[in-house]
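Here is the structure we will look at.
The values are calculated or read from the model by the stated rules, or taken from the named source; none is laboratory data. None of the values given here were measured: they were computed from a predicted structure. Because the Cβ atoms are built from the backbone with ideal geometry, glycine has one as well, and the counts that use them run over all protein chains shown.
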Amino acid sequence: MFEIVAKESLAPVLTKFVIRSPFIARKRKAGHFVILRVDDHGERIPLTIVDSDAESGTITLIVQTIGKTTKLLSLKEKGDTLLDVAGPLGNPTPIENLGTVVCIGGGVGTAEIFPIVKALKEAGNRVVTIIGARNKDLVILEREISEVSDTLIIATEDGSRGLKGLVTDALSDYIQSNGHIGAVYAVGPIPMMRAVSNFTKPFDLKTFVSLNPLMMDGTGMCGACRVTVGGETKFACVDGPEFEGHMVDFDELIARNRAYADLEKQSLERFERELAEGGLIHG
Ligand code: NAD
Ligand code: FES
C-alpha cells in the first residue's frame, strides 16, 4: 500500500499528491512515469512523476480529474492509501547540454514539463520555459518552474496573464527575436504537441513530445499504447514516452485516444450518480 502524505488543490480539477514510495523516489529520472491503481476494483492509470525526494522517500504526482478513476483519486485524502504504484516506467527524457533549449508545458502538461526543465537546467542548458493555459487560474507551478528556468514566458488564451495567445504564438515570438535554439521539449494536449511540431519542422528544430496514449500494463506486453512514429509501430510505455515530434502520426493517436471516450463518459456519469446517492465508490 502507498500512503498519501500530502494533498493540495492547484487549480480547478488539478490536484497534487505526495505519495510514499521510497524505491521509486530513489530510482526515478525526468520523463519516468508510474501506473497506479486506487483500489482493487480500479483501472490502471499512467501518471508522470513530477518530482521526488529520495530522502523522505516520496514522489509527487499531479492529477487532472477527467474520468472516473481520476475522480476517485481526487476524493482520496492525506493518510489514505493507494493499492499499487508501479514504476518508474518508461525511458528517461534524453538530456544533454544543447546550449539554449525551449520547454513548453500546455495546461496540465506544465506539471510534466517541470522535471524536464529541472534536468535540462542541471545539465547546464540555458532553459526558456513557456507555460500555456486557458486563463490565469489554470497557470500552475509558476514559482517552481521560474526557479529552474532562465526565462519564463506565460501565455493565456484570454490574456488574463502574460501574453495573449497560444504557446505556439509565444514560441514564434521567441524564435523571431532570439538566436539559435538547441531543441524544443513539449508536453500537453495532443493538438498542442502537433502544432508545436508543425511549427518547428520548417526550422529543422529538434522537437521532443511526450505521448500519452491509452495504457494498460506499462511493460510492452499488451499493445494498448501503440503509436506510429516514422512509419513504425512503437509502444509508448517501453519505447517512449518521448518521441521526435516531426515523426509522430498525431491523427492516429487522437483517433485511438477517442475510441473509449463515450464509455469513459458513461462510467464517470454512473460513478457520480452513485456518489450523489451515497452508494458505492468503486466498481
Ligand atoms: P488546454 O486544452 O487548456 O490547453 C493548454 C494550452 O495548450 C493552451 O492554453 C494553449 O496554449 C496550448 N494549446 C492547446 N491546443 C493547442 C493548439 N491546437 N495549438 C497550439 N497550442 C495549443 O489543456 P488542458 O485542458 O490542461 O489539457 C488537457 C489534455 O492534455 C488532456 O487531454 C490530457 O490527456 C492531455 N495531457 C497530456 C500529457 C502528455 O503527457 N502529453 C500530460 C498531461 C495531460
Ligand atoms: Fe501495454 Fe504499453 S501499455 S504495451
* **Residues that are near ligand 1 (Cβ under 9 Å from one of its atoms) and either free of Cβ contacts under 8 Å to residues at least 12 places away in the same chain or surrounded by 21 or more Cβ atoms within 10 Å (Cβ to Cβ) (or both), drawn from region 114-139** => I130, I131, G132, A133, L138
* Structure fact -> If we ask which residues in region 67-126 are of a type in the set (S, T, N, Q) and within 16 Å of the chain's Cα centre (by Cα), their number turns out to be 4
* **Filter result (within 12 Å of ligand 1 (Cβ to nearest atom) and surrounded by fewer than 24 Cβ atoms within 10 Å (Cβ to Cβ)) within region 81-111** => T93, G107, V108
* Out of L214, L253, sole residue that is assigned to a loop (DSSP other than H, G, I, E, B), within 16 Å of ligand 1 (Cβ to nearest atom) and out of contact with any Lys or Arg (no Cβ under 6 Å at 6 or more places or on another chain) -> L214
* Structure fact -> Here the residues within region 167-192 that are of a type outside the set (S, T, Y), more than 24 Å from N135 (Cβ to Cβ) and surrounded by fewer than 16 Cβ atoms within 10 Å (Cβ to Cβ) are Q176, N178, G179, H180
* Within the set of pairs 6+ apart or on separate chains, which have a first residue in region 145-164 that is assigned to a helix (DSSP H, G or I), a second that is of a type in the set (S, T, N, Q) and away from ligand 2 (no atom under 16 Å from the Cβ), and C-beta atoms under 9 Å apart? -> I145/T110; I145/T129; S146/T129; V148/T129
* Pairs with Cβ under 6 Å, 6+ apart, first in region 182-197 and within 16 Å of M247 (Cβ to Cβ), second in a helix (DSSP H, G or I) and among the aliphatic types (A, V, I, L, M) -> Y185/I116; A186/M193; A186/V196; I190/L253; I190/I254
* Report the residue count in region 179-211 for those that are within 16 Å of ligand 2 (Cβ to nearest atom) and outside any loop (DSSP other than H, G, I, E, B). => 1
* Out of region 184-207, which residues are in contact with a Ser or Thr (Cβ under 7 Å, 6 or more places away or on another chain) and of a type in the set (A, V, I, L, M, F, W, C)? -> V184, A186, V187, A195, V196, F199
* Structure fact -> Scanning region 223-248 residue by residue, the ones that are exposed (fewer than 15 other Cβ atoms within 10 Å of the Cβ) and either part of a loop (DSSP other than H, G, I, E, B) or within 14 Å of ligand 2 (Cβ to nearest atom) (or both) total 4
* Confirm whether T219 is within 16 Å of ligand 2 (Cβ to nearest atom), assigned to a strand (DSSP E or B) and surrounded by fewer than 19 Cβ atoms within 10 Å (Cβ to Cβ). => no
* In this structure, does I153 turn out to be buried (at least 24 other Cβ atoms within 10 Å of the Cβ), more than 24 Å from S9 (Cβ to Cβ) and at pLDDT 95 or above? -> no
* Please indicate, with yes or no, whether at least one residue in region 261-271 is under 30 Å from S172 (Cβ atoms), of a type outside the set (A, V, I, L, M, F, W, C) and either touching a residue at least 24 places away in the same chain (Cβ under 8 Å) or outside any loop (DSSP other than H, G, I, E, B) (or both). => no
